[in-house]
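Asker: Mind looking over this structure? Questions follow.
The values are calculated or read from the model by the stated rules, or taken from the named source; none is laboratory data. The structure presented is a predicted model; accordingly, all values stated were derived computationally and were not measured. Note: areas computed on protein heavy atoms with side chains; ligands, DNA, RNA excluded. Shrake-Rupley method; radii C 1.70, N 1.55, O 1.52, S 1.80 Å.
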Amino acid sequence: MLDLNDILVFARVVESGSFTAAARLLGMPKTTVSRRVAALEQAVGVRLLQRTTRSLGLTDAGRLYYEQSSQALRTIEDANLKLAEARAEPSGTIRISAPVGFGGPLAAMVFDFLTAYPKTRVELRLTDERLNLVENGIDLAFRTGILPDSTLIARRLGTTHRILCASPDYLARRGEPASPPDLAGHDCVIAGPSAAGASWVLDGPDGRETIMVSGRFAANEMQAVLAAAIAGCGIARLPLGIAETPIRDGRLRRVLADHTTPAGGVHAVYPSGQHLSPLVKAFIALAAERMSRIGIGRNDEGVSA
């Protein structure tokens, strides 16, 4: 007879990527995790995981079994938790990860969340590395752009794009570009590893254009790019939510206002094996509402990612 606990252990191994990480997550010895997975394989009569000394992967049968069994596990978890969810006030600690450049807007959301729900704590980890959420104990992550296929669930909150900005001082010294090709003659602040050159894709009235730009400063962190633009180092491509305040207070001016970068998705991501708790659900709802205020279009479609 199949043991549901064995299926749960198998699912956590898949989601965390290793027996060691699953053992840490489940609070049991690694040998117990290995034994339970072996017992499940014996019960179903097929190998589910392909083990080597260096890697762990799903067999074709294992992938199919995980997809079906993880859905069943989520159904059971939902049944156990929904009874309390209706009356549960969000409480406890939520661990959130986001790109470094998203830290400013996200911090404001966190402060609003803590005010709205006094029984909560937030641990915020800002990194441009795409962390393994299960292994790092992350409840919720915010990610932008195209998401790779994985065992995560992504709720699309909306779309955002970047706009071109420069300081009034820079524009007084160097003039304002009249069209995208003019950018090649300007110092541009590069969000990337090299100031020697970058390719900027812009959508405008004449369609999509790709412009090669260069400058004297590059950084792989958006707050540094923002600071450089404000300091007069050149024209920068900045996320609309980050640029909005310095434009409003006059530290930056928008240039080529009829051009933006192609829109990219903004997603709230959480582990597929994790029930969407009232705590996480409340933060996603608040984030979606706040993002709509700073010009990020709302779209609550849920997709696997």
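Asker: Suppose accessible area is computed on protein heavy atoms with a 1.4 Å probe; arrange SER91, SER70 from highest to lowest.
Answerer: Solvent-accessible surface, decreasing: SER91, SER70.
Asker: Keeping every protein chain in place, order GLU176, GLU129 by accessible area at 1.4 Å, biggest value first, i.e. largest first.
Answerer: Sorted by accessible area, descending: GLU129, GLU176.
Asker: Scattering from the C-alpha atoms of the stretch 226-274 alone, worked out with Debye: what is log10 I(q)/I(0) at q = 0.28, 0.29, 0.32 1/Å?
Answerer: The Debye formula, applied to the Cα set alone, gives -1.19, -1.23, -1.34.
Asker: In the full protein assembly as shown, how much of CYS233 is accessible to a 1.4 Å probe, in Å² to the nearest 10?
Answerer: 60
Asker: Rounded to the nearest 10 Å², what accessible area does LYS30 have for a 1.4 Å probe in the complete protein model?
Answerer: 110
Asker: If you don't mind, there's one more thing I want to ask. Normalised by the number of residues in the chain, what is the relative contact order in percent for Cα pairs under 8 Å and 6+ residues apart?
Answerer: Relative CO of the chain lands at 23 percent.
Asker: Once Rh is set to the Kirkwood radius over Cα pairs, what Stokes-Einstein translational diffusion coefficient, in µm²/s, holds for the stretch 196-236 at a temperature of 10 °C and a viscosity of 1.306 mPa s?
Answerer: Diffusion coefficient, whole number: 139 µm²/s.
Asker: Shifting gears a bit: So what is the orientation-averaged projected area of the stretch 104-214, using the convex hull of its C-alpha atoms, in nm²?
Answerer: That works out to 10.8 nm², a quarter of the Cα hull's surface.
Asker: For the stretch 15-63, what number results from the quotient of the Cα radius of gyration and 2.2 N^0.38 Å?
Answerer: So the Cα radius of gyration is 1.11 times the expected 2.2 N^0.38 Å.
Asker: Evaluate the relative contact order of the stretch 1-147 (contact order divided by residue number), counting alpha-carbon pairs under 8 angstrom at least 6 apart; express in whole percent.
Answerer: Relative contact order, the stretch 1-147: 22 percent.
Asker: When the Kirkwood radius is taken over all Cα pairs of the chain, what Stokes-Einstein diffusion coefficient follows at 20 °C and 1.002 mPa s, in µm²/s?
Answerer: Value of D from the Cα-based Kirkwood radius: 98 µm²/s.
Asker: Once you treat every alpha carbon in the stretch 191-260 as an equal point and sum by Debye, what is log10 I(q)/I(0) at q = 0.23, 0.24 Å⁻¹?
Answerer: Per q value, in the given order, log10 I(q)/I(0) is -1.14, -1.21.
Asker: Okay, next question. Keeping every protein chain in place, order LEU114, LEU256 by accessible area at 1.4 Å, biggest value first, i.e. largest first.
Answerer: Ranking LEU114, LEU256 by accessible area, largest first, yields LEU114, LEU256.
Asker: For the chain, what is the accessible area per residue in Å² when the probe is 1.4 Å? Mind dumping the intermediate values first?
Answerer: Details: 15300 Å² over 305 residues.
The answer is 50 Å² per residue.
Asker: In Å, what Kirkwood hydrodynamic radius results for the stretch 8-112 from the alpha-carbon pair distances? Walk me through the numbers before you get to the answer.
Answerer: Details: mean 1/r = 0.0604 Å⁻¹.
With all distinct Cα pairs of the stretch 8-112 included, I get 16.5 Å.
Asker: Leaving ligands, DNA and RNA out of it, work out the accessible area of TYR117 with a 1.4 Å probe and give it in Å² to the nearest 10.
Answerer: 60
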